[in-house]
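Novice: Please read through the structure below; I'll follow up with questions.
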Amino acid sequence: MIGFFIFTLETLTMVHPDDQELLATFKNPATKEQGFTSIVKKFQEKLYWHIRRMVIDHEDANDVVQNMFIKVWNGLDSFREASQLYTWLYRIATNECLTFLEQKKRKQAISISNHESGLSNQLRADTNFDAHRLEWKLQLGIQQLPEKQRLVFNLRYYDEMPYDEMSKVLDTSAGALKASYHHAAKKIEEYILNH
Amino acid sequence: MEHSVHILDELKQISPFLSDMKKINVFSVPQGYFSNLDRRILENIFNQPNLLLTSEHHNLGVPEGYFENLPGNILSKIKSLQTEGSDSEHFPLLQSLKNDHVFDVPDQYFHQLPAAIMARIDPQRSRVTGLKRKTLWNYAVAASITGLMAISSLLVVDKNPSLPGNQVAGRSSVPAIQASYQYKTEEQIMEGITTLSNDDIIKYLETTGSDADNEALASGVTEQGLPEQTDYLQNEKTLDAYLNQN
């Protein structure tokens, strides 16, 4: 497809206002849209990739990311500033992902194991897919994991999220998350070495 | 955020193999996707008026017409709940009020009521009416048939002693009277009564009997001829059970 490129550096070079400033701008009716746009720009890439790694397909990820930001628009007035904005956004994104995957499973009327192999098939259908390259094997290994382990691995490995923050996103104790990440990494290693 | 070195060290302990791998993003996005994502999301939001309404009125107000429609909406909800489940489940308040009476009765009313009712009932009459209707019916039927057959037989015997049965029968069109011609003595009449079926008796009374006759016959029945009190009390209970079930 024309116009595709591997990664954008745009947001890496941008300087974003801090969360308190963004929230104040959003809560002022005169600058609400401006504040919302700034929030989207600050978090869109991190959230998009978090979603994309879960749903694999770009169009699906685009739907989910737009739906989640619409929910953010509706719910941000009631956001409690005691928690971190990015934790709250990850939580919404994760819930949207899981809801989307659940709906997809129902539509396809297939079992969970078939659903996971369905995601692997989506990976294989990617135009850039190369079964001999390690990075693609890693992705296939991740898709073998149960949904929750996949979330934990992605949040820790790619997003480098601390366990206490992940605990707020996934409503799971930090100890259980550590164990889950450990099991996930072992399973992925085993998959890559055996394929 | 935890320092990435710390996270890398953690992974080294779990899987040195994975920790040595370079993090490469294998996925791609359309060019310019992130540069206008915020605008597309805002377009989506503003293309859905309900979303704006929900957000703008989240803390300070309510949707237009909300209070005007509120009573009707609540009543509709109540009606739908009434059809869906029991009162106790959905309306605990209504259920708790269910046994609160707003009407008064005189003191001791219910305590005295049975005695007051009984005082208005004639003891003898109450005993007869206390009989099971079917039992009384059987006595009445048996008595009336006996009387009728006896009278008919005597008339035939007295007035036409020499006529053959078939000729006599030809003079009457009433089947019971025709049948009675064959009985000449009291023993024959009693034997004939015992051979009658219930259906024959009921059929006869339906055409010739009346409530007045039955009551007159019943009043002549002595107490010794009646069933034991426990028999019909048992039947009364059965009737009550039936009425409660229906």
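No lab work stands behind these numbers, since they all come straight from the coordinates. If you're wondering where the values come from, they're calculated on a predicted model, not measured in any experiment. Positions of Cβ are backbone-derived with ideal geometry, glycine not excepted, and every protein chain shown enters the neighbour counts.
Novice: How much length would be gained if the chain were fully extended between A:Asp57 and A:Gln108, taking 0.36 nm per residue of separation minus their Cα-Cα distance, in nm to one decimal? Walk me through the numbers on the way to the answer.
Specialist: Details: separation 51, 0.36 × 51 = 18.36 nm, distance 1.56 nm.
Separation in residues times 0.36 nm, less the Cα-Cα distance, equals 16.8 nm.
Novice: B:Val29's amide H: which non-local residues (gap 5+, or another chain) put their own amide H closer than 5 Å, with H modeled 1.01 Å from N in plane and none for Pro or chain starts?
Specialist: Distant-sequence amide H within range of B:Val29: A:Phe5.
Novice: Against the 2.2 N^0.38 Å scaling, with N counting residues, where does region A:10-103 land? I'd like the Cα-based Rg ratio to two decimal places. Please list the in-between numbers first.
Specialist: Details: Rg = 13.3 Å, N = 94, 2.2 N^0.38 = 12.4 Å.
Computed over Cα atoms of region A:10-103, the ratio equals 1.07.
Novice: Further question on the same structure: Within the set A:Lys178/B:Lys12; A:Lys148/B:Lys12; A:Lys32/A:Lys148; A:Lys32/B:Lys23; A:Lys42/A:Lys71, which residue pairs have Cα atoms separated by over 26 Å?
Specialist: Numbers: A:Lys178/B:Lys12 14 Å; A:Lys148/B:Lys12 22 Å; A:Lys32/A:Lys148 35 Å; A:Lys32/B:Lys23 37 Å; A:Lys42/A:Lys71 17 Å.
The pairs that break the limit, which is 26 Å between Cα atoms, are A:Lys32/A:Lys148; A:Lys32/B:Lys23.
Novice: Counting only Cα atoms, I'd like the Rg/Rh figure for chain A, Kirkwood definition for Rh. Intermediate results must be reported in sequence, preceding the final value.
Specialist: On the way: Rg = 17.8 Å, Rh = 18.1 Å.
Dividing the radius of gyration by the Kirkwood radius yields 0.98.
Novice: Set the Förster distance to 41 Å, then compute FRET efficiency between A:Thr31 and A:Glu135 from the Cβ-Cβ distance, nearest 0.05. Each step should come with its number before you reach the end.
Specialist: On the way: r = 42 Å, r/R0 = 1.02.
After rounding to 0.05, the efficiency reads 0.45.
Novice: Between B:Asp9 and B:Gln182, with labels modelled 7 Å along Cα→Cβ, what's the label distance in nm to one decimal, could you check?
Specialist: Here the answer is 12.1 nm between the modelled labels.
Novice: Here is a follow-up. Kirkwood Rh, region A:56-155, all Cα pairs: how many Å? Display every interim value, and only then the final one.
Specialist: On the way: mean 1/r = 0.0659 Å⁻¹.
Taking every pair of different Cα atoms in region A:56-155, averaging 1/r and inverting gives 15.2 Å.
Novice: Under 5 Å between amide hydrogens, which residues at least 5 positions from A:Met161 or on another chain qualify, with H placed 1.01 Å from N in the peptide plane?
Specialist: HN-HN under 5 Å from A:Met161: A:Arg156.
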